[in-house]
Amino acid sequence: MLVFFIHGVAESKVKFAEPLKTLIQKEFSQKRQILPHFHSGFYADILNNKGKIWNFIHQDLEKTKQANPHINQEDILRGKELRQGFISDFIGDAFTYLNHTRGRKIRQSITEHLEDLIKNHPEEEELHIVAHSMGTVILWDMLFSDQFQFGDAAFNFRSLIDEQVKLKTITTMGSPVILFNMLLDIQSEQVKQKCKLQKYPLRWLNVIHSSDMIAYPISSSLEIKEDSNISVIDKFIFDNANSLENTVRQIANFPGVRTLGNVTVHTPPLKRN
């Protein structure tokens with residue numbers, strides 16, 4: 001079994017998936033199962049330097065303060081911490097991916113990571129992808145878009161999945177896919193047609209924390225029928241805990257599920273096409 005991680009916005013650590021990897025390993029060990037092989041698709045080194053942008057902004061704020069000493073500095077640019085933190089990180093990384101040149105580089109980087117994982121474990125045929133935040137949008141785009149130019153790494157990414165491994169599950173967390181799809185314009189038929197070509201079911205778990213302002217359900221938008229080759233389940237997390245382990249445990253305690261590592265997926269019977 002291969003488990004491939006794709007990170008979200010504002011990530012700086014190459015080993016970003018280590019906490020989740022540790023939890024999955026613990027779950028497998030407790031059940032005396034063979035441990036999966038893990039790999040992280042790190043692409044943050046391609047993103048724009050938002051720190052440099054904010055250095056310029058702070059210089060301009062200081063100039064405004066000097067020219068207007070009677071104005072409270074906090075009133076010059078209200079909500080500065082929110083702007084510099086979440087909004088800048090999310091929007092900045094999103095705009096970077098949507099840039100033609102950098103988007104190609106990001107897809108190339110993720111594809112090379114997946115290729116390394118498969119190459120290092122040629123005996124494994126089963127692939128599970130776990131993506132977070134903006135990483136879910138990139139995955140969605142790479143799997144289903146028909147807008148890429150010839151030679152884009154997304155085609156190689158799909159070939160790896162179609163020819164060398166079997167993509168069995170997708171787990172998305174904190175996903176804004178339904179929002180970004182207003183721009184990407186990937187139709188539900190494109191998703192279903194892609195999955196129809198597979199000879200095995202694809203199960204998709206979309207995890208949404210109730211307090212996450214950018215995470216939304218996707219199952220209804222995909223208009224999946226019961227006899228489809230893809231099953232999409234939206235799982236809401238209602239508690240106030242923000243730690244990864246509590247989130248995973250919340251999913252694990254949900255009745256009527258099967259387990260992928262310690263990420264559990266509701267798996268009603270699927271009919272093959």
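Exactly one residue out of 145, 133, 109, 88 is among the polar types (S, T, N, Q), on the phi < 0 side of the Ramachandran plot and touching a Gly at 6+ places or on another chain (Cβ under 8 Å), and it is 109. Inspect all residues belonging to the stretch 157-167 and state whether any of them is assigned to a strand (DSSP E or B) and within 22 Å of residue 132 (Cα to Cα). Yes; the residues of the stretch 157-167 include at least one that is assigned to a strand (DSSP E or B) and within 22 Å of residue 132 (Cα to Cα).
Among the numbered conditions (1) among the hydrophobic types (A, V, I, L, M, F, W, C); (2) modelled with pLDDT of 80 or more; (3) part of a strand (DSSP E or B), the only one that residue 213 does not meet is (3).
Within the stretch 167-183, residues that are under 17 Å from residue 157 (Cα atoms) sit with their Cβ atoms under 9 Å from residues that are in a helix (DSSP H, G or I), at 6+ positions apart or across chains, in these pairs: 167/143; 167/161; 170/136; 170/139; 170/143.
Look at the stretch 208-225: where a residue is of a type outside the set (Lys, Arg) and a partner is surrounded by fewer than 18 Cβ atoms within 10 Å (Cβ to Cβ) and part of a loop (DSSP other than H, G, I, E, B), sitting 6+ places away or on another chain with Cβ atoms under 7 Å, you get 208/216; 208/217; 210/238.
Specify which of the listed residues (135, 92) is touching a strand residue (DSSP E or B) at 6+ places or on another chain (Cβ under 8 Å), in a helix (DSSP H, G or I), crowded, with 17+ Cβ neighbours inside 10 Å and of a type in the set (Gly, Ala, Ser). If you could, list the steps in order and put the result at the bottom.
Numbers: 92 fails: touching a strand residue (DSSP E or B) at 6+ places or on another chain (Cβ under 8 Å).
Answer to the selection: 135.
Taken together, the residues in the stretch 21-44 that are assigned to a helix (DSSP H, G or I), within 19 Å of the chain's Cα centre (by Cα) and surrounded by 15 or more Cβ atoms within 10 Å (Cβ to Cβ) amount to 4.
Screening residue 83 against (1) exposed (fewer than 14 other Cβ atoms within 10 Å of the Cβ); (2) in contact with a helix residue (DSSP H, G or I) (Cβ under 9 Å, 6 or more places away or on another chain); (3) basic (Lys, Arg) leaves a single unmet condition, (1).
Yes/no per residue for (1) within 30 Å of residue 157 (Cβ to Cβ); (2) of a type in the set (Lys, Arg); (3) touching a Pro at 6+ places or on another chain (Cβ under 9 Å):
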| residue | (1), (2), (3) |
| --- | --- |
| 34 | yes, no, no |
| 41 | yes, no, no |
| 46 | yes, no, no |
| 52 | no, yes, no |
| 63 | no, yes, no |
| 67 | no, no, no |
| 71 | no, no, no |
| 75 | no, no, no |
| 79 | no, no, no |
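When each of 14, 9 is tested for being touching a Phe, Trp or Tyr at 6+ places or on another chain (Cβ under 9 Å), β-branched (Val, Ile, Thr), outside any helix (DSSP H, G or I) and open to solvent by less than 70 Å² (accessible area, probe 1.4 Å), the lone residue that passes is 9. Only one entry in 114, 35 is touching a helix residue (DSSP H, G or I) at 6+ places or on another chain (Cβ under 7 Å), without any contact (Cβ under 8 Å) to a residue 40 or more places away in the chain and not small (Gly, Ala, Ser), namely 35.
Hey, does the stretch 61-78 have a residue that's in contact with a Leu (Cβ under 7 Å, 6 or more places away or on another chain), open to solvent by 40 Å² or more (accessible area, probe 1.4 Å) and part of a helix (DSSP H, G or I)? Yes, the stretch 61-78 contains a residue that is in contact with a Leu (Cβ under 7 Å, 6 or more places away or on another chain), open to solvent by 40 Å² or more (accessible area, probe 1.4 Å) and part of a helix (DSSP H, G or I).
The values are calculated or read from the model by the stated rules, or taken from the named source; none is laboratory data. Because the structure is predicted, anything quoted here is derived from the model rather than measured. Virtual Cβ from ideal backbone geometry, glycine too; neighbours counted across all protein chains shown. Please note that ligands, DNA and RNA were not included when accessible areas were found on the heavy atoms of the full protein model with its side chains. Shrake-Rupley method; radii C 1.70, N 1.55, O 1.52, S 1.80 Å.
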